[in-house]
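The values are calculated or read from the model by the stated rules, or taken from the named source; none is laboratory data. Remember, it's a predicted structure, so these values are computed and weren't measured experimentally. Don't worry about glycine lacking a Cβ; one is built from the backbone with ideal geometry, like all the others, and counts go over all protein chains shown.
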Amino acid sequence: MSDDLEILRQDVLSELAGATDLRAWDAVRVGTLGKSGRLTGLLKALGKMQPDERKARGVALNRLRDELTQAVEARGKELEAAALQARLIAEKLDVTVPPPAEVAGYIHPISRTIEEMTAIFGVMGFQVAEGPDIETDWHNFSALNTPDHHPARTDHDTFYLPPSPGLDVTRVLRTQTSGVQIRTMLGQKPPIRIIAPGRTYRADHDATHSPMFHQCEGLVVGQGITLGHLKGCLIEFLRAFFGKPSLPVRFRSSYFPFTEPSLEVDIGWSRKTGEIGGGEDWLEVLGAGMVHARVLANCGLDPCVWQGFAFGMGVERLAMLKNGIPDLRSFYESDIRWLRHYGADPLAPALLHEGV
Ligand code: DAH
């Protein structure tokens, strides 16, 4: 190979080695093999040579062109692979990195309220129990000592499922979480201390009722359980939930088929200002009572040995009171502005107020 070709060869090979990205590599490629590249220029010059001189030079030039073309391609592949690798590293998705604040999501007030209830009752030793949304009418009504003629059973309130061939039970969308009491007592031995948050359904739809809503049930069964335990537990819960250590709480006698005695629980508030804990007025927040002897017996527990108390509350109702949310329907509209306003920071733990 003549000296000038050898110099060109060395130059191109070292330029290729020095090209560390595809842009630099492409400059070497075009400058060598492109239309006005150095090697192309030499090949074009062949035409002006004498035939014998041209022959020897042509062979050498073609060999050099093949060698350099191969070298350029090989280096190109190397740099492409390196670029891909760098992109894979740079663009790797780390799902553990917290999102930037402006696009962070929010915890829906229903979820957050359930988290708060769970946190408070959790400190008191309660476990979370679950039951199915599609429930038998035995679990939802009969076992809870609800007579056949009870108004809650009518089509007006209850969504009945169509009968299923081969299935001789009547099924409903549960109208209350109280059926989880039955499932729990049938499934585990006392002592029992559970809460059961979850969806419930009733054929009712207006500004203050939704056909799907949430309740949180509570059940304690043990020996020597009294109304005093019920009162202490619920006073403690309500004061912790609303963050008011001296929140006034009132118990009023009431009626539920599955408790005896039954109670309605009120908290102090001001009708004028809406302030929880202030003023002279009372607001009903939940139902409760001592588990009816017949309910214990329906679950195979001897009422002379075991006693218990139960309670049930509306999650949306408590969320509305605590967060000043005026309209029940807004919970289910998926309006991102509403969620931004009332939703909770996903990274902040559910609050546990003093007193628990
Ligand atoms: N299940 C009742 C309802 O939906 C609420 C309730 C009241 C639950 C008293 C209870 C209780 O466990 O003891 O209105």
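Which pairs do you get when a residue that is assigned by TED's automatic domain parsing to the domain that holds G312 and touching a residue at least 12 places away in the same chain (Cβ under 8 Å), found in the range 267-291, comes within reach of a residue that is assigned to a loop (DSSP other than H, G, I, E, B) and aliphatic (A, V, I, L, M), reach meaning Cβ atoms under 6 angstrom, with the pair 6+ apart or on two chains? Close Cβ pairs satisfying both conditions: I267/L247; G277/L247.
Mind checking which residues of the range 3-18 are surrounded by 11 or more Cβ atoms within 10 Å (Cβ to Cβ) and either among the acidic types (D, E) or in contact (Cβ under 8 Å) with a residue 24 or more places away in the chain (or both)? L5, E6, L8, R9, D11, V12, L13, E15, L16, A17, listed by residue number.
Filtering the range 126-179 to residues that are touching a residue at least 60 places away in the same chain (Cβ under 8 Å) and among the aromatic types (F, W, Y) leaves only F126. Based on what the data block shows, is P190 surrounded by fewer than 22 Cβ atoms within 10 Å (Cβ to Cβ) and under 24 Å from F237 (Cα atoms)? Taking the combined requirement at face value, the residue satisfies it.
Do we find that G58 is touching a residue at least 12 places away in the same chain (Cβ under 8 Å), assigned to a helix (DSSP H, G or I) and out of contact with any Lys or Arg (no Cβ under 7 Å at 6 or more places or on another chain) in this structure? Here the answer is yes, as G58 does meet what is asked.
For the criterion of being under 44 Å from the mean Cα position of the chain (by Cα), among the acidic types (D, E) and not in a helix (DSSP H, G or I), E130 passes.
For (1) away from the ligand (no atom under 14 Å from the Cβ); (2) crowded, with 22+ Cβ neighbours inside 10 Å; (3) closer than 22 Å to V180 by Cβ, each residue gets a yes or a no:
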position	(1), (2), (3)
E264	no, no, yes
G268	yes, no, no
A297	yes, no, yes
D302	yes, no, yes
Q307	no, no, yes
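Of G166, G125, all but one fail to be at pLDDT 95 or above, surrounded by fewer than 17 Cβ atoms within 10 Å (Cβ to Cβ) and on the phi > 0 side of the Ramachandran plot; the exception is G125. Of the candidates R57, R29, the single residue that is over 12 Å from L5 (Cβ atoms) and out of contact with any His (no Cβ under 7 Å at 6 or more places or on another chain) is R29. So, in the range 195-211, how many residues would count as being away from the ligand (no atom under 11 Å from the Cβ) and under 24 Å from A119 (Cα atoms)? The total comes to 3.
Residue count for the range 159-193 satisfying the condition of being of a type in the set (V, I, T), within 15 Å of the ligand (Cβ to nearest atom) and in contact with an Asp or Glu (Cβ under 8 Å, 6 or more places away or on another chain): 4.
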